[in-house]
Amino acid sequence: MIPSDPSKVTAICFDRIHLPGQATLEVARKNGAYSYLPTVLNEMNREQIIEQVKISGLRGRGGAGFPTGLKWSFVPRNTGKPTYLLCNADEGEPGTFKDRDIMRFDPHLLIEGMIMAGFALGVHDAYIYIRGEFLHEANVMNAAIKEAYAANLLGEHILGTDFSMHLTVHRGAGAYVCGEETALIESLEGRPGRPRFKPPFPAVEGFYRCPTVVNNVETLATIPAILEHGGQWHKQIGVPNSAGMKIFSVSGHVNKPGNYEVPMGMPLRVLVEEYCGGLQHGDVPKAVIPGGSSTPWLGPEHYDVPLAYDEIHKAGSMLGSGAVIIMDETADVVALTRRLSHFYAHESCGQCTPCREGTGWLERVMLRLEAGGCNARDIEVLQDASEHMAGRTICALADGAAAPILSLLRMFPDEVNSYLAENKA
Amino acid sequence: MSMQVDTTQMEKVSFNAEQLEEIRELVARYPHPRSALLPVLHLAQQHFGYLPMNVQQLVADTLDVNLMQVREVVTFYTMFREQPTGKYLLEVCTNAGCMLNGACELLEHMCRTLGIRVGETTPDGLFTVTEVECAGACGGAPVVQVNNVYHEKVTAEHMDQLIADARAQEDGGVA
């Protein structure tokens, strides 16, 4: 049970995740799933729901951190077109693995959140776009959805009300860029996932040019608690401008990697030392990627940074999806950067020249650097190319590709120099 | 001169009645049949093992879309394969979280054990080893997918055992 005293909340999305059998409707209901849904459907109207989500301060948990209630309020009414709700379960940002746990252990929480969101937005058809590799998770979601249909929690006239909503799991097929919401829409329309130029934003013209809301799994899974306990309750958890709990996916050089849901604002050091069993080697990390591989790295001087949107931004990076990748003193930062540059080159969809050409270029130079075939001029090329890619493309993949390179050059110039041909000889 | 795929010489393949019913149900879930393209390609790959041109033609005909639309999608998404793989597809993630926890050494060990390079299949057709991008399970690094089943915190010994078990099962099957 989630306590109604915000200071006593220890989990929202993960509150029931470790209870045995939670993926089945019977157990989930015994543990409180769908208990507040009738109240929402019978006693709240669309405006009231959106208002509560706005008050809650909930920001999109997929990476961009856009206020969820505001996003919902952009959806135009009475357009004569259907409105679609798409759950972004593409979870491809290297370092991120939180949505997987919600879906495989507590699928009904996501379904419940989607029913409430769908009701607030007047949605009749909703989809969960799940990355293709998550076959097991897709199967768990499908089994839960089948149970929900049988219990009249989905389908026509949900729980005897006038509200009807259908929910379909749609598997992607291995393309990182499909986590970008307009690429996701393109993919859901049966095409390669190439991001669309904005505006128009999906809220106005999305899936088949109809009003569409795309929300991350964790965002939607937070909705039931917000509506049950109220927006004010949620706003009191965490720190100003970063309300609520957040799941941090911690990986890399820690003793106990994994997902930890903690109040926003917790210092990074506390998360690593008290939750993750500390670093594998040494007392402070060599570098930390705080929000997934596309976010700039932080150095040991930021080990006490509060894990919140504004504070991480001030430190020079982004909270992103909450994927914390820790590098201890043993990390080969040049090799890691080279590997990430391969990732972005592989995943570039190819429609914008700076990204298509730039990502390949960065990878080739990084490979040559690692092999000892670069000179000082090549380092300038890395810097220059990265700076000219970021912000010059339709989506942010190019910015993500630039982030590790620029971080490496900024934080570890000596290590980079030691790889140069003239210094290797 | 236009680039055309000559489909007249290809062996005809078809979906069975059960699959066609499943496809009808899939199509009904979307505003437009084209949205069912990825799900139907998954279904086809599951059934045929991979997606050669005649299977892509079948998918195009079934959904009433152009063959080039199918080709465009098949070649864009890495999970769709135009070439057959070994019976056991071993996909090793070597992205950040896995790399920091020994994935590259693991991949090297697997290739050495099997006597193949990344992307190749063993001569007996049993194992294919590939390197993949972040599998979204970094808490269990290093991660190897074996025929789409996630194996986490994988060690060289774990992989050796898995390979040995698979070989034993195959030998048993033949005898």
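Quick rundown of the values:
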item	result
Test: A:ASN259 is of a type outside the set (Gly, Ala, Ser), within 13 Å of chain B (Cβ to nearest Cβ), surrounded by fewer than 20 Cβ atoms within 10 Å (Cβ to Cβ) and closer than 22 Å to A:PRO94 by Cα	no
Residue satisfying all of: in the stretch B:51-77; over 14 Å from B:SER14 (Cα atoms) and outside any helix (DSSP H, G or I); nearest to the other protein chains (Cβ to nearest Cβ) among these	B:TYR77
Hits in the stretch B:26-59 (condition: among the β-branched types (Val, Ile, Thr) and either in the same structural domain as B:THR128 (by TED's automatic domain parsing) or closer than 20 Å to A:GLU186 by Cβ (or both))	B:VAL27, B:VAL40, B:VAL59
Pairs where the first residue, in the stretch B:33-49, is at the interface with chain A (Cβ under 8 Å from one of its Cβ atoms) and the second is assigned to a loop (DSSP other than H, G, I, E, B) and hydrophobic (A, V, I, L, M, F, W, C), C-beta under 6 Å, 6+ apart	B:ARG34/B:VAL65; B:LEU38/A:ALA173; B:LEU41/B:PHE80
Filter result for A:ILE185 (assigned to a strand (DSSP E or B) and either within 14 Å of another protein chain (Cβ to nearest Cβ) or modelled with pLDDT under 95 (or both))	no
Identity of the residue in the stretch B:119-153, over 26 Å from A:SER294 (Cα atoms) and in a strand (DSSP E or B), that ends up nearest to the other protein chains (Cβ to nearest Cβ)	B:VAL149
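Conditions (1) of a type in the set (A, V, I, L, M, F, W, C); (2) modelled with pLDDT of 95 or more; (3) farther than 30 Å from A:HIS124 by Cβ, marked per residue:
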{"residue": "B:LYS12", "(1), (2), (3)": "no, no, yes"}
{"residue": "B:ASN16", "(1), (2), (3)": "no, yes, yes"}
{"residue": "B:GLN19", "(1), (2), (3)": "no, yes, no"}
{"residue": "B:ARG24", "(1), (2), (3)": "no, yes, no"}
{"residue": "B:ARG29", "(1), (2), (3)": "no, yes, no"}
{"residue": "B:VAL55", "(1), (2), (3)": "yes, yes, yes"}
{"residue": "B:ASP64", "(1), (2), (3)": "no, yes, no"}
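Residue-by-condition table, conditions (1) of a type in the set (Lys, Arg); (2) within 24 Å of A:GLU133 (Cβ to Cβ); (3) in contact with a strand residue (DSSP E or B) (Cβ under 8 Å, 6 or more places away or on another chain):
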site: A:PRO195; (1), (2), (3): no, yes, no
site: A:LYS198; (1), (2), (3): yes, no, no
site: A:PRO211; (1), (2), (3): no, no, yes
site: A:HIS229; (1), (2), (3): no, no, no
site: A:GLY238; (1), (2), (3): no, no, yes
site: A:ASN241; (1), (2), (3): no, no, no
site: A:VAL254; (1), (2), (3): no, yes, yes
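Quick grid of which residues meet (1) of a type outside the set (Phe, Trp, Tyr); (2) over 22 Å from the mean Cα position of the chain (by Cα); (3) assigned to a helix (DSSP H, G or I):
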site	(1), (2), (3)
A:LEU340	yes, no, yes
A:GLY350	yes, yes, no
A:TRP361	no, yes, yes
A:LEU369	yes, yes, yes
A:GLY372	yes, yes, no
A:GLN383	yes, yes, yes
A:ARG392	yes, yes, no
A:ALA402	yes, no, yes
A:SER407	yes, no, yes
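The values are calculated or read from the model by the stated rules, or taken from the named source; none is laboratory data. Worth saying up front: this structure is predicted, and the values here are computed from it rather than measured. Backbone-built Cβ (ideal geometry, glycine too); neighbour counts: all protein chains shown.
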